[in-house]
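The numbers here are math on the coordinates, done by the rules we state, and not lab data. Since the structure is predicted, the reported quantities are computational estimates derived from the model, not experimental observations. Cβ: placed from backbone, ideal geometry, glycine included. Neighbour counts: every protein chain shown.
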Ligand code: SAH
């Protein structure tokens, strides 16, 4: 039997598209060194980058200001895309969701949200999730692997390509599948590409990383790059309840998480967001709202209350309108800066991890599902 050919390097791996020439023989090939080896001027690498990040090219073929032969040589040596679109759904409110199939046949999800002039994307950082939050679809089967930096960038570009030519992505939230702080090594180079003026050009303050609250990784992030917005998922105002909803809390504890969050704030100077998924008759009572207000009092923070989006097969439910209103009212009266995150794309299962589970057995196909 013949060995399968090794896969061509992924052009969207940040190390490949950085225009700085590689140092010495052992450094990985970059597009710039490849250009030199193929007798092409260095600026061609910049042109390719511009086609990918600004002009939303789908292939080398699209890069019409490059000589045809160079395009063919590029196509022979590099892969732009490593993932295929297994499913593409569009909701009535304009939310679009992609189910992407990786080269090793795993599936991940990412979403494009339209809100006024905002074009926000929600991207995944891992296949599955190890955190085990009891109400969340992403972690039901544990974590399979980290996404590579290239796969994270690829989600951004697949979603950008859903927009008309003149529209650009404006915000990124890392709130899809996975725990981003458990994959910082691959996430940060990908976000650098999002923030780079020669990448997507989205400023750091418009990029939010959402974490279950892993203090050592929060400290690491504040040391490496505190320009990003940090969102911390609380979901309970005390350890007893949080241990039940977010099992990793048992070895961490709210106090340690809040200290790490305060420290991030000190370094970044950016107001933190706390997320609180409101689960009917579980964490939505009057006493929970009061306790939460006590916890957040004195902190410059925004509390994002997210009404639970039910996951088929799980016993948790959305809060009643009455309990949601009461919950918000108590927090507002206590002076907490609170907002409700509007649900978008419900009918396309836009809550993280849901689409992947619904499609585990179906074969890949591009489906345009327009509802409403
Ligand atoms: N691991 C990160 C990112 C997870 S997704 C974190 O824990 O923050 C972003 C947010 O969506 C988290 O707060 C998560 O708890 C919440 N979430 C997960 N499933 C949900 C559902 N079915 N309905 C509403 N919010 C959900």
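Average the reciprocal distances over every distinct pair of alpha-carbons in the range 100-183, invert the result, and give the Kirkwood radius in Å. Spell out each step's value before the answer.
Numbers: mean 1/r = 0.0748 Å⁻¹.
The answer is 13.4 Å.
Using a 10 Å cut-off around each Cβ, can you sort 244, 250 from fewest to most neighbouring Cβ atoms?
Details: 244 15, 250 11.
Least to most surrounded, the residues fall as 250, 244.
Using only the alpha carbons of the range 219-279, what is the convex hull's orientation-averaged projected area in square nanometres?
On the way: hull surface 16.7 nm².
Averaged projected hull area, Cα only: 4.2 nm².
For the chain, modelled as a Gaussian network with Cα springs under 10 Å, which listed residue fluctuates most, 222, 251, 268?
251
As a test of the definition: which semi-axes, in Å, follow for the chain when you take the square root of five times each eigenvalue of its alpha carbon gyration tensor? Largest first, please. Show your work: numbers first, answer last.
Working: eigenvalues 302, 101, 71 Å².
Each semi-axis is √(5λ); the values are 39, 22, 19 Å.
Taking the highest mean first, how do the peptides 65-72, 257-264 order by number of other beta carbon atoms within 10 angstrom per residue?
Details: 65-72: 13.4, 257-264: 19.1.
Packing proxy ranking, top to bottom: 257-264, 65-72.
What's the Kirkwood radius of the range 180-307 in Å, using all Cα pairs? Working shown, then result.
Working: mean 1/r = 0.0653 Å⁻¹.
In the range 180-307 this quantity evaluates to 15.3 Å.
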